[in-house]
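For reference, the structure discussed in these notes is given below.
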Amino acid sequence: MNENCNNGQCYSGPRVVVGKIDDLESKSLELIMTRNTCASQLMRMLPKVSEGEYTEKDISAYVQGVVEAMSDARYLEADWWRETMISRNLTGEVYIDFITKELWKKG
């Protein structure tokens, strides 16, 4: 049994391999996920008007940019999954092992 972790949650039960992704698909998804992570981190680093360096207009523009980046990344990730599922005729919850590049389901 392999232990598979996603966002800090691990699954160590049996798994059923339902497909595989190639290097380009793997790198594409990793890039999308990195973009989403960066945008989330930027949101947590929200500047404060009370610090005096930024105006409300500055902060509004910052938030708008971060929200757009997060939205774009989430759209791209959903689109990646949709295309991957359709092209392989998969349904249900599917996970990725980035090391082996296998698509798998809990078994």
Problem set entry | Which listed residue is within 21 Å of residue 28 (Cα to Cα), of a type in the set (Asp, Glu), free of Cβ contacts under 8 Å to residues at least 12 places away in the same chain and not in a strand (DSSP E or B), from 83, 77 | 83
For this session: Say whether the condition of being closer than 22 Å to residue 93 by Cβ and either touching a Gly at 6+ places or on another chain (Cβ under 8 Å) or of a type in the set (Ser, Thr, Tyr) (or both) is met by at least one residue in segment 42-64.
Result: no
For this session: Looking for whichever is at pLDDT below 90 and β-branched (Val, Ile, Thr) here; the options are 94, 66, 49, 18. Which one fits?
Result: 49
Problem set entry | Matching entry among 85, 45, 70 (being at negative phi and either of a type in the set (Val, Ile, Thr) or in contact with a helix residue (DSSP H, G or I) (Cβ under 7 Å, 6 or more places away or on another chain) (or both)) | 70
Problem set entry | Residue list for segment 7-39, restricted to those being β-branched (Val, Ile, Thr) and assigned to a helix (DSSP H, G or I) | 32, 34, 37
Exercise. Can you pull out the residues in segment 40-62 that are in a helix (DSSP H, G or I) and within 20 Å of the chain's Cα centre (by Cα)?
Worked result: 40, 41, 42, 43, 44
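Rundown of residues vs (1) surrounded by 15 or more Cβ atoms within 10 Å (Cβ to Cβ); (2) in contact with a Leu (Cβ under 7 Å, 6 or more places away or on another chain); (3) free of Cβ contacts under 8 Å to residues at least 24 places away in the same chain, yes/no style:
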residue: 11; (1), (2), (3): yes, no, no
residue: 16; (1), (2), (3): no, no, no
residue: 23; (1), (2), (3): no, no, no
residue: 39; (1), (2), (3): yes, no, no
residue: 51; (1), (2), (3): no, no, yes
residue: 69; (1), (2), (3): yes, no, no
residue: 87; (1), (2), (3): no, no, yes
residue: 96; (1), (2), (3): yes, yes, no
Exercise. Of all residues in segment 25-37 being surrounded by 14 or more Cβ atoms within 10 Å (Cβ to Cβ) and hydroxyl-bearing (Ser, Thr, Tyr), which is farthest from residue 65 (Cα to Cα)?
Worked result: 26
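The values are calculated or read from the model by the stated rules, or taken from the named source; none is laboratory data. Computed from a prediction, not measured in an experiment: that's the story for all the values here. Backbone-built Cβ (ideal geometry, glycine too); neighbour counts: all protein chains shown.
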